[in-house]
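Some notes on the structure that comes next.
The values are calculated or read from the model by the stated rules, or taken from the named source; none is laboratory data. All values derive from a computational prediction rather than experimental measurement. Because the Cβ atoms are built from the backbone with ideal geometry, glycine has one as well, and the counts that use them run over all protein chains shown.
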């Protein structure tokens, strides 16, 4: 395993080393020590490597990740895994605002709670949150799945497009054009798969979740819906 | 029976026929008017400034003989690979989606042939424009439609869009009529539905966050790419200062004459400031911070000619950007399509329903038949010609002012024709030394 002391060698050296792995396969395990809340740790990685960050991270850890599996042994600051393309990001602790924002693919697992705007404008990513998610989560979410084992805050799924939201606990309120929908067989399978991938096996059962999605009433502007905007 | 003189019909200056027509249209349809382009109202503009030219105290350069350089470096503050352009006239961001693929190709062809850059837009980077643009600026927008790290790294610079002059504080809406399979696929949305572009970025909220976002973008692109920040003309002094604080290499400032693909007419006409009022404020912010010419300033909004270019640069800009003018150079609103404009209820040079996707010139459309009318090679040649003419015009004026580089133009070379322009531009009213607001009253 390659060990990198962020406090000693600095962010630029870390990310340069990780970016240089593109196309290589001989250094597949990395650990980053002394992250001390630094920003943009392991941002822009594009290689099938395993990176373990031993501590909490600042903004945009694993931003735009492709292929890599990144484990954060602490909590993550705002925008963790923003615009992720593929790969997996697993956070042992909590995640701050905008976790997984605009993510296009891959899997984001938050074992603690996620703050506001989790999954905002997501475009294909899957997000599993073992705890609760904050207000305005999944705002304008376009596609992908969000699985919440705990509760959701206000205005869940406001102005939602085609993303699917599964919540096990309570939802404080739904945002504009977000409604509860029927759980069909295919949805139970999606939830089952997300529980397994999200390291939440045994923590919950698919039948405990409710599904939320777009009513599709705001897809084309209509003056009679003006109060919803 | 005696006939007395009658009072002739008198139109209201408040409720004009145009105002009344809009009231009737709103009452009949229940929707506000959406259109493309920039403000159509009369505003203080570059036409209200004149160059003084050389005289006994100023020595002119010989036209066509003595060198007047036009090149510009952009991104010299932090980027390890700053951009060097032959001319200081760039092509503004216009999206694939708003424009057809061939139109984007033509912009790339024309800009590259003239030695300048073009810019992507909301919707991501297409192969047409990357392939035909020697220098391509990649817009990083709130919607993040089409955003991916590979295109980020294929770009020559990154422009973080905070706002635009046509609608500072507003997002966008690409109406369902223009959402073809390809556009829908690039934006990860179903075909045929209205696509909203958010007005705020999803993962940062203020200048302190923006500084960290810029750090992330620089890390992902190995600190090579110049980072621009584009703002609409709202509070140019503070926006410029905050952009510098956040770590911008380049500030792009777009006045309210700048165009948009589509937004509410009420937004276009009633929010923002004219570019003439914006430039001196932005330049002052850069000067106060000791960053003028170190952080470059690109201005846009109503640039039409080499005279406009020269005036913008005399006020302190490093370069300008054109959007609407570039579309007209390609063939937009050409009178040769007048019969079709008439059929759409408009006329050449007034057509602005770009959002409907029925552009007779085949530029602001995703309709394959209409788009096929447009020849990207010819369009590119026309744009190149236009850019060259603008450059020659600006050089002509600069030489007359004794300047061997467009960047040497200065406010002292200008006078104002109106009190308003004098106050906004900060140059004296012609024939006086009066700058309202600065010289005592």
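Structural remarks
- Qualifying residue in the stretch A:178-200 (condition: over 19 Å from residue A:88 (Cα atoms), under 15 Å from the mean Cα position of the chain (by Cα) and in contact (Cβ under 8 Å) with a residue 24 or more places away in the chain): no
- If you filter the stretch B:148-164 down to residues that are outside any loop (DSSP other than H, G, I, E, B) and more than 14 Å from chain A (Cβ to nearest Cβ), you find that the one that is farthest from the chain's Cα centre (by Cα) is B:157.
- Selection status of residue B:167, surrounded by fewer than 17 Cβ atoms within 10 Å (Cβ to Cβ), touching a helix residue (DSSP H, G or I) at 6+ places or on another chain (Cβ under 9 Å), modelled with pLDDT under 95 and in a loop (DSSP other than H, G, I, E, B): no
- Residue B:352 being surrounded by 18 or more Cβ atoms within 10 Å (Cβ to Cβ) and either touching a residue at least 60 places away in the same chain (Cβ under 8 Å) or not in a loop (DSSP other than H, G, I, E, B) (or both): yes
- Subset tally (residues that are more than 9 Å from chain A (Cβ to nearest Cβ) and more than 23 Å from the chain's Cα centre (by Cα)) for the stretch B:218-238: 1
- Any hit, the stretch A:174-192, residues being within 11 Å of another protein chain (Cβ to nearest Cβ), modelled with pLDDT of 95 or more and within 20 Å of residue A:116 (Cα to Cα): no
- Elements of type helices (runs of 4 or more DSSP H) in the stretch B:249-332, at least 3 residues being touching a helix residue (DSSP H, G or I) at 6+ places or on another chain (Cβ under 7 Å) and in contact (Cβ under 8 Å) with a residue 40 or more places away in the chain: B:275-288, B:306-314, B:324-330
- Restricting attention to the stretch B:244-272 and to residues that are modelled with pLDDT of 95 or more and over 18 Å from the mean Cα position of the chain (by Cα), the residue that is nearest to residue B:201 (Cα to Cα) turns out to be B:246.
- Restricting the stretch A:78-92 to residues that are in a loop (DSSP other than H, G, I, E, B) and touching a strand residue (DSSP E or B) at 6+ places or on another chain (Cβ under 7 Å), the residue that is farthest from the other protein chains (Cβ to nearest Cβ): A:92
- Any chance residue A:151 is in contact (Cβ under 8 Å) with a residue 12 or more places away in the chain and surrounded by fewer than 20 Cβ atoms within 10 Å (Cβ to Cβ): yes
- Residues in the stretch A:23-41 include none that are facing another protein chain (nearest Cβ under 10 Å), closer than 16 Å to residue B:150 by Cα and surrounded by 17 or more Cβ atoms within 10 Å (Cβ to Cβ).
- For the residues A:117, A:104, the requirement of being in the same structural domain as residue A:152 (by TED's automatic domain parsing) and touching a strand residue (DSSP E or B) at 6+ places or on another chain (Cβ under 6 Å) singles out A:104.
- Being at pLDDT below 95 and either part of a loop (DSSP other than H, G, I, E, B) or within 30 Å of residue B:237 (Cα to Cα) (or both) is a description that applies to residue B:358.
- Scanning the stretch B:403-429 for residues that are assigned to a loop (DSSP other than H, G, I, E, B) and either out of contact with any strand residue (DSSP E or B) (no Cβ under 8 Å at 6 or more places or on another chain) or surrounded by fewer than 17 Cβ atoms within 10 Å (Cβ to Cβ) (or both) yields a total of 7.
- Qualifying residue in the stretch B:172-186 (condition: facing chain A (nearest Cβ under 10 Å), closer than 27 Å to residue B:275 by Cβ and surrounded by fewer than 24 Cβ atoms within 10 Å (Cβ to Cβ)): yes
- Some residue of the stretch A:66-77 being part of a loop (DSSP other than H, G, I, E, B) and either touching a helix residue (DSSP H, G or I) at 6+ places or on another chain (Cβ under 7 Å) or closer than 22 Å to residue A:159 by Cα (or both): no
- Number of residues in the stretch A:46-76 that are under 21 Å from residue A:33 (Cβ atoms), within 14 Å of chain B (Cβ to nearest Cβ) and either without any contact (Cβ under 8 Å) to a residue 24 or more places away in the chain or buried (at least 24 other Cβ atoms within 10 Å of the Cβ) (or both) equals 10.
- Checklist (1) at negative phi; (2) in a strand (DSSP E or B) applied to residue A:144, failing item: (1)
- Filter pass, residue A:144 being under 11 Å from the mean Cα position of the chain (by Cα) and surrounded by fewer than 24 Cβ atoms within 10 Å (Cβ to Cβ): no
- Subset of the stretch B:108-147 that is on the phi > 0 side of the Ramachandran plot and under 19 Å from the mean Cα position of the chain (by Cα) - its residue that is nearest to the other protein chains (Cβ to nearest Cβ): B:124
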